[in-house]
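Participant: Have a look at this one before I ask anything.
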Amino acid sequence: MSKKILILPGDGIGPEIVTEALKVLEVLRRDHGLAVEMEQGLIGGAAYEAAGKPLPDETLALARAADAVLLGAVGGPQWDRIEWSLRPERGLLGIRGELGLFANLRPAILYPQLAAASSLRAELVAGLDIMIVRELTGDVYFGQPRGIRTLESGEREGFNTMVYRETEIERIVRVAFTIAGRRRRQVCSVDKANVLEVSQLWREVAERVSKEYPAVELSHLYVDNAAMQLVRAPKQFDVVVTGNLFGDILSDCAAMLTGSIGMLPSASLDAAGKGLYEPIHGSAPDIAGKGVANPLATILSVAMLLRHTLAQVELADRIEQAVGAVLNKGLRTGDIMAEGMQRVGTQAMGDAVVAALRQQA
Ligand code: IPM
Ligand code: MG
């Protein structure tokens with residue numbers, strides 16, 4: 001039976017990079033019998049303009065009915081001043097929360113072809129392959145109470161709640177252990193247990209769950225130290241598991257080690273493996289519409305979609321190999337450009353991946 005993919009291009013460079021990813025899906029459909037149906041929906045600023053809110057009910061209904069969602073990016077300066085609850089980012093957080101996409105997988109992989117683009121010396125990052133497993137539907141992002149209140153003195157106070165239930169910690173830690181079991185069998189759990197009670201519980205639960213995975217080694221780091229270790233000696237990490245806020249920060253940091261936030265895909269999964277797939281970079285309003293954005297993170301998000309939701313591992317491998325082949329040929333978008341390479345735009349990069357796919361045996 002054919003699977004349904006909801007396409008949410010979003011804002012900024014979203015539509016351009018999603019267009020290239022759709023070309024790749026089209027080839028797989030035509031040449032490899034991939035049975036998928038695509039539908040489009042609105043999210044973020046684009047949805048606000050068309051429907052008055054960043055996550056229209058219709059989009060949510062389509063997302064619930066789909067097997068997977070492919071998203072471009074949301075946000076832009078033109079929506080910075082509108083009411084908080086209507087901002088594009090609320091659409092993204094809304095769909096994560098509503099669909100229960102609690103497990104966010106953010107690989108930070110250094111392509112050997114791009115080693116020179118890393119912010120660290122080549123020997124520190126050569127072969128880097130970290131998987132950050134970020135909890136995505138809890139923590140201070142969703143915790144209640146939250147708000148801005150006025151004190152008796154008339155001064156205002158902003159507050160959020162960092163909160164995790166045992167079951168929320170258990171399920172994300174299990175995801176990390178399961179993934180580590182297929183990799184180098186090391187999980188590093190990151191928290192702030194020297195200060196926060198929520199982190200003390202996190203650590204205790206991580207220890208408890210680790211007993212079920214005797215083949216995987218568990219270590220712990222405080223988040224400040226983890227940030228330092230990521231830029232000091234990043235290759236010590238295999239799988240990192242952490243809460244929503246710490247994961248947001250550490251995953252940007254890890255991305256930069258690969259030299260190219262424009263290369264990194266992500267998956268956000270629910271308990272049944274349904275997922276939302278998106279590049280980890282943002283909507284890059286400064287280059288939107290110019291045809292220069294790097295579509296590879298979105299194309300690699302399609303690979304993750306095939307791997308994690310559709311169980312089409314061979315097709316996922318094919319996409320990843322095609323991306324490698326294009327880099328080997330020396331094609332580069334502006335963000336990963338280096339001396340001696342050939343600079344190409346969004347469309348040419350997408351076409352090159354399609355050509356590489358079609359050349360595969
Ligand atoms: C991310 C982004 C989002 C987040 C924003 C856009 C709400 O930074 O996916 O990492 O903080 O989760
Ligand atoms: Mg972020």
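Participant: Which of (1) more than 13 Å from ligand 1 (Cβ to nearest atom); (2) under 20 Å from Ser119 (Cα atoms); (3) touching a residue at least 12 places away in the same chain (Cβ under 8 Å) is the odd one out, the single condition Ile249 does not satisfy?
Facilitator: Here Ile249 meets the rest and fails (1).
Participant: If you check Arg171, Arg182, Arg165, Arg149, which single one turns out to be modelled with pLDDT under 95 and assigned by TED's automatic domain parsing to the domain that holds Val240?
Facilitator: Values: Arg171 fails: modelled with pLDDT under 95; Arg165 fails: modelled with pLDDT under 95; Arg149 fails: modelled with pLDDT under 95.
Answer to the check: Arg182.
Participant: Anything in region 8-51 that is in a strand (DSSP E or B), of a type in the set (A, V, I, L, M, F, W, C) and surrounded by 20 or more Cβ atoms within 10 Å (Cβ to Cβ)? List them, or say none.
Facilitator: Leu8
Participant: In region 278-330, how many residues are farther than 23 Å from Ala254 by Cβ and not in a helix (DSSP H, G or I)?
Facilitator: Of the residues in region 278-330, 11 are farther than 23 Å from Ala254 by Cβ and not in a helix (DSSP H, G or I).
Participant: A follow-up question, please. As an exercise: evaluate Val195 against (1) surrounded by 21 or more Cβ atoms within 10 Å (Cβ to Cβ); (2) not in a strand (DSSP E or B) and give the number of the one condition it does not meet.
Facilitator: With (1) surrounded by 21 or more Cβ atoms within 10 Å (Cβ to Cβ); (2) not in a strand (DSSP E or B) applied to Val195, the lone miss is (1).
Participant: A follow-up question, please. If I ask for residues that are farther than 14 Å from Asp129 by Cβ and of a type in the set (Val, Ile, Thr), which ones from region 244-273 would you list?
Facilitator: Residues satisfying the conditions are Ile249, Ile261.
Participant: Looking at this structure, is Ser260 closer than 20 Å to Leu101 by Cβ and in contact (Cβ under 8 Å) with a residue 12 or more places away in the chain?
Facilitator: no
The values are calculated or read from the model by the stated rules, or taken from the named source; none is laboratory data. Keep in mind it's a predicted model, so treat the numbers as computed, not measured. Here Cβ is always computed from backbone atoms with ideal geometry, including for glycine, and neighbour counts include all displayed protein chains.
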